[in-house]
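One structure is given here, and the rest of the page talks about it.
Where a number appears in this text, it was derived from the coordinates with a stated rule and is not lab data. Note that the structure is predicted; figures quoted are calculated from it, not measured. Glycine also receives a Cβ, built like all others from the backbone with ideal geometry; neighbour counts cover every protein chain displayed.
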Amino acid sequence: MLEFILTGLLGALLIAACCLNIYELLRHAWSLLPRLTWPPHVRVLAVVASMFLAHIINIWLFGFVYYVLHYYELGTLTGAEISNGHYKLDIFGCLYFSAVIYSTLGLGDITPQGALRMITGVEGLTGFILIGWTVSFTYLAMQKFWELPHRRK
């Protein structure tokens, strides 16, 4: 019971860190976009590339937490590929699992056990919300900075 409470608190910290990461990126991008002299499509591509980077940072953050919690035996990741020895549960395995959960892809080849289940649920919801947030931001950036032929002055 205590490990679920602790991982719940850790999940809240992860949500805060991921939201702050995305928020700061969006804030800096929105202040920088009007000052850039790049063509509009390049500005939007820069926004998309920076959002990919921010999401990758969030995935790495969760992946690192999975690795640390597994190391301290507060839960583990299991699956047929792991138990057959084809797949080693190292940091890259944790990153793969994190990417699958964050993107809400949910392949099901690896499943969390123990307290990691709490973090997995938090990550899925966090990824879903933050991906939606960055998609809406991209739409707003395109709407404001993308020059359509009929809008040129």
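Values for this structure:
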| quantity | calculated |
| --- | --- |
| FRET efficiency, 1/(1 + (r/R0)^6) with R0 22 Å, evaluated for Ile56 and Glu3 via beta carbons | 0.20 |
| Inter-label distance, nm, simple model (7 Å from Cα along the C-beta direction), Thr104/Tyr72 | 3.0 nm |
| Principal axes of the chain: Cα extent on each, largest first, Å | 63, 32, 18 |
| From phi via Karplus (6.51, -1.76, 1.60), per-residue ³J(HN,Hα) for segment 55-62 in Hz, x at Gly/Pro | 5, 5, 4, 4, 4, 5, 4, 5 |
| Segment Val42-Trp133, length gained on full extension (0.36 nm per residue, minus Cα span) | 30.7 nm |
| Only Lys, Arg (+1) and Asp, Glu (-1) charged, at Cβ; the chain dipole about Cα centre in debye | 1060 debye |
| 13 Å beta-carbon shell around Trp30, net charge (K/R +1, D/E -1) | +3 |
| Given 14 as the ceiling on other Cβ atoms within 10 Å, longest exposed-site-free region of the chain for chymotrypsin sites (Phe, Trp or Tyr not before Pro) in DSSP loops | 73-145 |
| Note, ³J(HN,Hα) from phi for segment 10-22, Karplus 6.51, -1.76, 1.60, rounded to Hz, x at Gly and Pro | 4, x, 5, 5, 5, 4, 4, 5, 5, 5, 5, 4, 5 |
| ³J(HN,Hα) computed for each position of segment 89-100 - Karplus, 6.51 cos²θ - 1.76 cosθ + 1.60, integer Hz, glycine/proline x | 7, 10, 4, 6, x, 5, 5, 4, 4, 4, 5, 5 |
| Environment charge at Ile101 (Cβ cut-off 15 Å; Lys +1, Arg +1, Asp -1, Glu -1) | -1 |
| Selection from Gly132, Val47, Thr104 lying farthest towards where the dipole of segment 2-146 points positive, charges on Cβ | Val47 |
| Sum of -39500 (n - 2.57) over DSSP H runs of 4+, divided by residues of the chain (222 nm, nearest 500) | -25000 deg cm²/dmol |
